[in-house]
Every structure is written in structure tokens, then in C-alpha cells.
1. Please give the average number of partner chain Cβ atoms lying within 10 Å of the Cβ of each residue in B:1070-1078, rounded to a whole number.
2. Taking each pair of distinct Cα atoms in the stretch B:808-932 once, what is the resulting Kirkwood hydrodynamic radius in Å?
3. Expressed as a whole percentage, what fraction of the accessible surface of chain B belongs to carbon and sulfur atoms when a 1.4 Å probe is rolled over the protein heavy atoms?
4. Treating the Cα atoms of the stretch B:781-859 as identical point scatterers in vacuum, please give the log10 of the normalised Debye intensity I(q)/I(0) at q = 0.19, 0.22, 0.25 Å⁻¹, two decimals.
5. I need to check one value: relative contact order of the stretch B:808-932, counting alpha carbon pairs closer than 8 Å and at least 6 residues apart, in percent.
6. To the nearest whole percent, what portion of all C-alpha pairs in the protein assembly as shown is separated by more than 60 angstrom?
7. I'd like to check one number: the per residue accessible area of the stretch B:971-1137, probe 1.4 Å, reported in Å² as a whole number.
8. Among B:Ala690, B:Ile672, B:His700, whose Cα sits farthest toward the positive end of the charge dipole of the stretch B:582-800 (+1 at Cβ of Lys/Arg, -1 at Cβ of Asp/Glu, about the Cα centre)?
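The values are calculated or read from the model by the stated rules, or taken from the named source; none is laboratory data. Worth saying up front: this structure is predicted, and the values here are computed from it rather than measured. Neighbour counts are summed over all protein chains in view; Cβ atoms, including those assigned to glycine, are modelled from backbone coordinates with ideal geometry. These accessible areas exclude ligands, DNA and RNA; they are computed on the full protein's heavy atoms, side chains included. Shrake-Rupley method; radii C 1.70, N 1.55, O 1.52, S 1.80 Å.
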Amino acid sequence: MLLIPCPWCGPRPEHEFRYGGAAHRAPPEDASAVDDAAWGDYLYSRDNPKGRHAERWRHLHGCGRFFNCIRDTVSDRIAGTYKPGEAPPL
Amino acid sequence: MTQPFRTAAGGRIDRQRPVRFSFDGRALEGCAGDTLASALLANDVHLVGRSFKYHRPRGILSAGSEEPNALVTVDRGLGRVTPNLRATQIELHEGLTAISQNRFPSLRFDLGAVAGAAAPLLPPGFVYKTFMRPASFWKRLYEPAVRHAAGLGRAPGQGDPDRYAHQYAHCDVLIIGGGAAGIAAALGASATGARVILCDEQAEFGGSLLSEPGVTIDGWAAPDWVREAIASLGDQVTLLPRTTAFGAYPGNLIGLAQRLTDHLAQPAPGMPRERLWHVRAGRVILAAGAIERPLVFPGNDRPGIMLAAAARTYLHRYGVKVGSRAVVVTADDSAYRAASDLHAAGVAVAAVVDLRPEPVGPVVEAVRALDIPIHTGMTIGGAAGRRRVDAVRLADGQTIISCDTVLMSGGWTPSVHLLAQSRGEAWLSVGACAGAFGLATCLRDGTEAGGSQPGTFAVAGLPEMTPAALPLPALPHPKAFVDFQNDVTTKDIATATGEGFVSIEHVKRYTTAGMATDQGKTSNVNAIVAVAAQIGADPAAVGTTTFRPPYTPVTFGAFAGPSRGDLFAPIRMTPIFSADAVPEDAGGWRRARCYPRNGEAIEAATARECLAVRNDVGMADASTPGKIEIAGPDAALFLNRIYTGDFNSLEPGQCRYALLLGEDGFVRDDGIVARATGDRWHVTTTTGGAAFVLHHMEDHLQTGFAGLRVWLTSVTEQWAVIAVQGPRSIEALAPFIPDIELGAMPRMSVREGHIGDIPIRLFRAGFTGETGFEINLPPDSAQQVWDTLRQRDVTPYGTDAMHVLRAEKGFVIVGQETDGTVTPDDLGLGWTIGRDKGDFVGKRSLSLPELSRADRLQLVGLLPAEAAMVPEEGAQLTEAGQGPSVGHVTSSYHSPTLGRSFALALVAGGRSRVGARLRVPMASGPVEVVVTDPVFVPRPPERPFAPTSPLPLLPAVARPAPVARAAGSVRLAALAPATLLSVRAGPGAATAIGMAIGVLLPTVPCRSVIARERAALWLGPDEWLIQAPEGSTGLEALARRAPADRPASVVDVSQGFRALELAGPRAAWCLNGFCALDLDPRAFPVGMCTRTLLGKAEVVLWRIGAEVFHIDVPRSLLPYVWACLEEARLEFADESSAETPAVG
């Protein structure tokens, strides 16, 4: 079970959190302006990297906040977490 | 002397305390301190089991958890049957009942042993290759027969009556293994003041030191040094004997399985049988030692053949001679010590056979000095004997030596299993598992790993030895066993490599070497060596198989822990109780299916309830759907983006039905959006979708639409809901509601007022299509109102009737009519989409061509040709004839109003098929149905109602608070109700609110501020929970007025929670049975508060004293949380005397 450092509450066990998918995936500024293929791509295409992955988590059973997390999908190690709008750690 | 092979003196067993036990019904006697294995050996019992595949006689190979052969079933009575236990780990206790396995009809005369004679017919892959056709025979004939012939112990047939506990623990240093290196590491870590857990799978700490009475450390005999060292460890060290570290998981979480009562003849009541520890460790020191390797030679599996070090352990630790006449075969120095020691104990040592050409060194010379013949450069060519070895033939083919015992050593394999599982977390290995074999080195490295200066220890009495190289591989032979537990021989390995399996992972799966319950602890390296020999590779190049948990088998009970029965999953309880309700658990709640009268069947009760709603008046407990209070000046804008509707035009007091879509345009939830007052909105969700909708809204608020001045508060538990529905509903309610003119309320409107003197939020709405109301009221008053209305002949109806009533009107249930691929238009609900509003979640997807195809599945009604036939929900629909599916039935009922069956369905291009005939293929044959409009019962005309005079409610009935079991070291109490406010606000507003209510809202995460009788708990960066004594009525208004120019949300949630207090020296321990947080006072100091999980319930946990925890529990979850805490306290229940109140 992962130990996830919530940017507000500190390290907490994984079961207090809910996974929120890939991070830094903003919808198009004007959805009506993109064509169907581009919209479909936004909806359904995701990277599946081996290694470093930026992803969203929410401290659902804690402070309730969404935040971003850099996790290695091979080792499950977490390089760091950061608040929305902040830059990812190196 | 009843134990012929017990030595006269020595060992750690107590000869003055005989212990009676039975093995296969035979009454035997051992000594206190024995294991089952040592007691059997003391009684000259060597045949203890039959092998997995060939049913070969097997004895005891080892003295530890690596044991592959001596597996037994222990029956503790009352259904407490545990198969596949290692006799080497079972502590003897009075009355122990052990039974051998995999033999029929008996251990000595086993019919399955003919399989051994047929061994050449049973090569690897035999089962897969042979029992292939016909395929249907596999399940009925082949598999049961194979399972009967091959196998280990049998699974118990009865439910397990024992209790199992879980415990979450945190430490700076976890030390796995309590032998020399592990104890030294504990000494080193303890000296630094770190929090330490030291665990060992054995009953006693000390490991191999317990078998070394002749060795001294700092002048103490080794076993005595162990005792002194353990006693010197500080309070910060938690000692866990009988505890196996079985798995390493991400985040340095280590699973420990602790056996608490199996070694006791009379366990204390309330004590769990096993405890599964979830240890979160800062770092881990692995001191798991090493396992001696068997040697591979024909017949090496016969009873009487065992590991050399095991023989020394039986002699020195248990006072047992493992035989009368031994041959030692070795590739390693350490077996020479067994030869010397057994000789000294009076066991004849016939010969030492050494694979090495020129063994030298002090241990070799010591054996030479005893005139024991040493055959060098030699191995054993075969072992003979039926139920026990009686002779060995050396590989020269000439020399035959009679014996009843063979001691073997192929060197030592470090126990790196857990290190390999850890995938490189913060771990250190010390001692033999790190390849260090000198005792002084192990001790020094241990102290250093623990965090102290490397210790120096004066070690004496241990001769110098040279570690063995890997022995030469044995030749392929059908009786030279590599893996004892799965009956894999060198010939099987050669077959596998000959068939092209060269990867060790493939060889493992093809031959099953290393796949038994022992996970190949004694066999993996020998298998690697055998593969390497066959393919001409270096063993190091062959590599190892992946190490996976568990290290040794863990019971299902330990994994399940307390999660069984009522604690398996929380069932949420509504505040309304009716003794006559038929309960059903749905969506996490306990709900009433129906309320039968005088022994009515469920169908009859449901029909009566349906008709009461259609023709008179009924009421339902509708408390379970989610409710969210939304506040803030941008609420309408926010709701416009979340729901399909347009809420700009919604006036205070109005409601609107709305759909919530995903970005993909598909329906995710539905509900009613009500504008209660100017900027306060009351939104309902489905019962099952409540948590999702709040999460979805928070997601968009926090990340998508950041900057909107909107705040969300769940009020699902703050409001109970009684739905009063039917043409007579106004008449039934009006006498009790003085301040709302019911008849003047338009459909889909909301008013605030009172029922009796109870404040309510009254909705003119419902799920039945009748004139009706939903009374939102404080849960504490719900029973009183319910009972009053029942007395006034309002018919209660349950979920079964609710389903029929809504389906008759074509109302959908999200999750029943929808499956995540259904658009609003598919449901005929395109009208819910606001025309002139801007973007909303899902809008872009609705214009995708796929989502507007004419042949999409659309909601329609179905009328079966036979009025009595109710098609199955989920059944497919076809056109007349065969053809592919054109849709499926989503809801299907008998309608008492129509006097016939009807159904809802999703049908391809359904709306254009109205009037067409389709077929439902059912088990009893196809059913003809006609496609119809989904509305079966039209809206009736509004009925006029007679004016009524006011009536009083029945008196309120107080429900008694639960009373906790007495337990002195941890007290549980339900606290008096309090005023609770949920505050959500930005920083400026938070300060203003704090000033207004007289307690500052903390900005430090997870901290609380107490001022006068009020407390403010930080729950999130924009969220606080304010606690004040019950009846602090002005507080909410005070807080709301405060931030005039800085909007915020203040919502009374007093009714939504129940407060518990858990106090006493063991309070934190009990919480950690269900809560994974670190509750050490340094990690969770007084004043800390947080939302967290207690079991599967979300609670607010607040430490208000060193040993006092305040827990706010959602009221529906109180029974579950209470039961969890009582379960955790059960261990301490017998300490009630400390709690006896003083009389007078």
C-alpha cells in the first residue's frame, strides 16, 4: 500500500486517497472549436508510461483536496507531490 | 522413560513438565518447550507424511519454517482445523491433536504409494498432457480424481469460530529476525531511542544461538546472552515472537502474521487467534538468517534423512537424538559439527562423506580425531529403506553403510526473500542473510545497522569454518529429489530442459519446483544448479525466480481479520425504524423492501402499498439519497456547468430535475436541484451516486472551474426524508404543518417551515408521479413524525413498491436504466438540457455523430403479450425469429394498478418501434412483447382536498444511547449531542468567522483551536468543523453574518454526526486495530484532528488528551463504528474491575 504525502496533511496511507487519472490534462480552451477527432483524443487517449508518471490524487478521506503526484509506475516510488498550479518536482 | 530418544540432560525443554499429545490417534508424550517435530523424534517417530505426487514416505527434514515434508493437520476442535502446518513450527501443548496428510487409508499403508511405483509414468506436464479429451471430463472426472490422489491437507469444512485481529503500527526500524544479528540490531537501534519492532517467527528469540550452549558471548553462554540482551532492550522496542514477516509492499509496508493462541492449551477468552500487523517502517533491517541446503542423491527423501544443522538443533535445543547410527554427507564444514556433537551425545556416526576432495580445518580435524571414517571426494549413490532409511550406498558403487539417520549439508542459502520483494526500499541486510557467517561479524554488523557504533563482542567456543561453494550437480535420476514438497526430481528437471524450457521461470512452472507451500526454500538453489548443469550454464547466469509474498503460508482468517459478519462492510442505518419492515441492504444502506401486514407475502404487501399510493396516501423512508448544500454567489453558474439544466432562471423556492453527465456525454447521476434561498441550494443525488457526485463537483470546483465562489457541504445525514405521496397527501400532512400552505405549493417547489415545532425543508416533489411531498427534517425527529403519520393511516411503502411506482411513470433509475453509455436523449430526457446556457460538462460530446445516431438504444416501455409474464431484468430482446439482440430489459415488474406485467427497456431505435413486436428469449421459451411509450400510468387530475384542523404530533421518544462493554484500559462512551457547524471559506472570510464566533479557525493543517466552550477543527485548507455545546442556536447565524463582503458557507451539521469518546492507556492501540494512522503522541499530538478511515467508515478523529480521542461519526455509521471499537476492546474486556463505579 502506497504512502502518499498529501501536500497539506503529510504522509497518509493510500486507502485515504482516490486516484484521479493523469495530471496536466486541461480540456481545450473552447471545446466547441475542436474537431470530433481531437475531442475524442482528449476524452479517451492516455499515455501509459513505464516509469515517471504525473497523476492526480485526491485526499478523499482527509482534507478532500486534489493534488498532483509524480509516481514511478515500475517501482511505485513517489518522487513528490505538489499542489495544483505548482511545478512538478524534478 | 517414554521418550526413548530424549537425552538425559540439556536443551531448553522442561523434562519435569510432560505434555501429552496425539499423532494420528496415537497417544504420545513430549516435554514443555518441544515442537511437534522434536516430540515426535523423541518418540522415534520419523514417518510423518506422504508426498504430494508419489505418496512416498516422508520424515522431518529441518527444524524450522523451511520444512517441506513434515506437514500435518492440527484439529483444535469445534471446527478449528488447520491443514499444512509445519510440525517443526507447531509448539507442543497439552492435548494437541495432529493428523498426518495425503495418505489413504493410513500413513503406514498407503494405496497412493503405487503412484510411486508408477513414477516413470508421471513426468512433468503429465496432467496437462494426459487428461485433455474430452474436455467435459476434466471438471467431472479427471480433476476430482487428480485432486484426490495428489494434494496436501484438506480445507476445513466448517466456519472458523476464531477471532482474528489486524493492527496498524509504525516504527523507525523494523528488524525481521531475532537471531544474533537481529538482536544486535535491536540493541543498536534501541540505544538511539528509535521506535523499534523486533519480530521473529519462532516462539523464542535467539535463532541459532539457542542451539549453541557451548558458545559464549561476552562470557555468557549464548542462550543466556540472548535472554540478557532481550531484557536490556528499552520500552521503545516492541517484541513480537511467533511473528512471521511474510511480505514487503510499496511504501515500506511490511505484513507480519503473529500467532497468538495456537500454542496454548487454554487461550484466554477474547484473545484473537492471530494478529496481522501492517507495519509502516522508516527502515527495515533484514536479519532472516540462512537456510541449509539438502544434497541431491537418489533416495534423498527417505525418513531419517535430514539437514545436519537441524540434527544439532534437535540435540542442543530440544534434547533429542535424531537416531542411533548416522551417516553425514556434506559439501560444507558445518556438518562436521553435527558429526562431533552427535558422537558426543552417544549417537554412532558411521561415516562422514564429503563431496570436497580435500576438506581441511579445525572441524574436520576434530572429527578425524574421533576416528570417524571420512570419505572425501565422494557422495551418496543411493539410500535404501522403506519407511526409514536403513543403509546408504556410496557413489563408488561399492561401499554400503548401514544407518538409521543421514545428515546432509549442501551449504547455506541466505534468506533474501523479503529483500527481493522490497524492490530496493530503505532496507539493510545483516548476518547470514547478507552472507556473513561469523558470529562476531553478525553481532558487529547488527549493532551498526541498528544505528550505533559497531559493537565488539567477545565470542568463544565457535570453531572457524569455511563457507561452502555450490556443490556439483547431481545426475538426472527419478528418485533424486530437488523439491521434496512437490516431488520434483533431477530427472524431471532434465525432462523440462530437454523439452526446451531453459528459463528458470519456465522450468519452475513446468516442473512445479518451488511452487509448493514452502515456496522452494530448500529446493530453489538446487533446481537452479540442476538447470545450469543441463543447459551448460553457470548457475549465476540461470538466475532466480521472482520472490513473492507470503514467505510462509498465512491463514485466510488473518487476512480477513475482523472484516467478517457485521464488520465486513458497514451497513448504514437511517433514523427511522419500523419493526414490521422487511429489510434489504442496497447501496450501502439498510432499507425497507415492504411492510407486510398479518403475514402477507412480499408480493402482496408490495401490491397493497402501490395501490395505497395511487389511490390514497403512502409514505416512504427516503433518507438515503445524497444531499449536498451548495452555497455562494456563483452557485447558479457552477450548477449550470455541472448539470444539464439552466439554473439562472430558477427562483428561490423552485426545484428542477437535472441530469449530471460525464465529459463523454453519458448520464452519470440525476437528482433535484432546489434553490432554497437566494444563494443556498439543496441538491439531491441518487443513493449510490452520492459520494461520486460530491467528488465530481469538488474535482471541477478545485481544478476545472477554480475561482468560483461556491462551497459544497454534504448534508445527506443532516436531513432525514419522509416521502408522503398520493392523492390524499395534502390532507394527511396539512394538520401537522401550520406554516406552509400545501395546496398552494406548485409542483417542483421547496418551502421552509415546521411540522409541529420541528423545522423542515418541504419539497413538493416525488418519485411516484402522484401529488406528493418530501419532508426533509432533522433525523432526531424523524421517528416521531413517521410514527405520527402511521397512526393517521398513512400507509408505509418500501423500496419494492417505490420501484414499481416510478417505473409505471417511466421514471429512470441511474444505474438500472443506464449503464454508462446512455445519453439524455436515449432516455427521452433531452428536455432537461438548458437551451440557452453556456458550456457544461458533457456538452461537447453530445454533438459527436455517434451520440445522435437514430439506431441508438432508446428507453421504451414493453407490454408482454401474456399479462402474467414478468420478463427477466437484463434479458435480451430480439426481433421476431432469431436475429441479433436489439436491446435489453432494464426494469420489469407486475403493476397492481394496471393489473398486468410491464417493463422498461433500452431498444435500438426504440422510439420508432412503438407498436412493434419483439421477443424476450427466456429459459422457459420466448416471450412476446409489444413496444410502448415508457409512461404506463398517466398523471391523474389534481384532487381537491378538504380543509383540516391542526393536530399535534405524537410525543417524541428518546432512544437510549448505546452502553459499552466494561474494559478498564480503554473506555468507550457515546457523548451528548453537540452543535456542529461546517465552515467552508477562503482565508479572509475564515478570519472574520473566527472573530465572530469567538474561536479562531486554525490555519495549520490538522490542528484545532479551543476557546471557551467552542472548538474549531481544521479539516481542509478551506474547511473547518466548529464544535459547541448543544443548543448553541445563535452560532450559525453569527457565523453567517460575519463575512459580509467575503462569501463563505456555514452549514449546521449537528444532526449528521454522533460523537464517541475512546479513552484510556490502550485507546490508541484499539484505534490502530482499525485506523492506519500513526497515533504515537509525537506523530499525532493532543489537539491534532483529521478526517480518516476507521475500518471502512470515514470519521473525524480528534485527540483531546494524551489518552483521550474524540470521534465524530456520521450518524448512519454509528452502529458499524461502535461495533469496530467494541471488537478492538474485546481483548481488554476482562479488566472490568478497574471501571466499577463507586457506590453511593
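1. 2
2. This gives a value of 15.3 Å.
3. For chain B, the apolar C and S fraction of the accessible surface comes to 56 percent.
4. -0.90, -1.08, -1.25
5. Worked out over the stretch B:808-932, it gives 27 percent.
6. I get 29 percent for the Cα pairs in the protein assembly as shown exceeding 60 Å.
7. I get 36 Å² per residue for this part.
8. The Cα lying farthest towards the positive end belongs to B:Ile672.
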